[in-house]
Amino acid sequence: MPRYESESESVYDIPAILVAEDDEDSRTGLCRLLKSMFKKTPVDWVEDGHLLVEQIQSHPNRYGIIISDFNMPIMNGADALKRVRAIDPSIISCIYTAVSHKEAVNKIYPAGIDKDHVFHKPDFNPLLDFVEKSYKSLLEMRKRYQRVAV
């Protein structure tokens, strides 16, 4: 069952981060780290790729970044992110996996995920660096867009 940091659907000026991870310990640890880094940012989670796609469809414009495990039940991370890209190509997405780099890259490349967006467990640091840089970039783009739209 998906978990939402904030039930307020009307507050989308702060893009949320969505974590798709079936392993409870990995999910809990990653979400804790993200919440400590991004204190005002909602961090939501789902347990599989199918729920990931449903979450994006049900909450358009809520998410700015998705972090997905590769191996998950029902639908793997690469297939889920390929579907997400078709729904909203502006969402920044990455894979965080225990699968070997070569195997992951070979399977995620057709999904449109850049090889530089594949990170490996248990090392959180490269993933967190990527998310931090991507989130800052995302906020800057949104600010520029809001200035142009006004």
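The values are calculated or read from the model by the stated rules, or taken from the named source; none is laboratory data. Quick caveat: nothing in here was measured; it's all calculated off a predicted structure. So basically every Cβ, Gly included, is an ideal-geometry build from the backbone, and we count neighbours across all protein chains shown.
Data table
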| item | result |
| --- | --- |
| Index of the failed condition, residue 66 passing every other in (1) surrounded by fewer than 23 Cβ atoms within 10 Å (Cβ to Cβ); (2) touching a Leu at 6+ places or on another chain (Cβ under 6 Å) | (1) |
| Residue check, residue 49 under 17 Å from residue 97 (Cα atoms) and small (Gly, Ala, Ser) | yes |
| Index of the failed condition, residue 89 passing every other in (1) free of Cβ contacts under 8 Å to residues at least 24 places away in the same chain; (2) under 27 Å from residue 38 (Cα atoms); (3) outside any loop (DSSP other than H, G, I, E, B) | (3) |
| Those residues of region 26-70 which are in contact (Cβ under 8 Å) with a residue 40 or more places away in the chain, in a loop (DSSP other than H, G, I, E, B) and more than 24 Å from residue 137 (Cβ to Cβ), in sequence order | 47 |
| Residues being under 19 Å from residue 117 (Cα atoms), charged (D, E, K, R) and under 11 Å from the mean Cα position of the chain (by Cα) - total across region 41-90 | 1 |
| Residue that is surrounded by the fewest Cβ atoms within 10 Å (Cβ to Cβ), among those in region 37-52 that are in contact with a Leu (Cβ under 6 Å, 6 or more places away or on another chain) and more than 18 Å from residue 130 (Cβ to Cβ) | 44 |
| Scan of region 94-133 for residues that are in contact with a helix residue (DSSP H, G or I) (Cβ under 9 Å, 6 or more places away or on another chain), modelled with pLDDT of 75 or more and of a type outside the set (A, V, I, L, M, F, W, C), ordered by number | 96, 97, 116, 117, 120, 121, 122, 132 |
| Enumeration of residues in region 21-52 that are touching a strand residue (DSSP E or B) at 6+ places or on another chain (Cβ under 7 Å) and of a type in the set (S, T, N, Q) | 41 |
| Search result, residues across region 14-36 that are surrounded by 18 or more Cβ atoms within 10 Å (Cβ to Cβ) and more than 24 Å from residue 73 (Cβ to Cβ) | 15 |
| Qualifying residue in region 39-55 (condition: among the hydrophobic types (A, V, I, L, M, F, W, C) and at pLDDT below 90) | no |
| Single match in 139, 127, 81 (criterion: without any contact (Cβ under 8 Å) to a residue 60 or more places away in the chain, of a type in the set (A, V, I, L, M) and not in a loop (DSSP other than H, G, I, E, B)) | 81 |
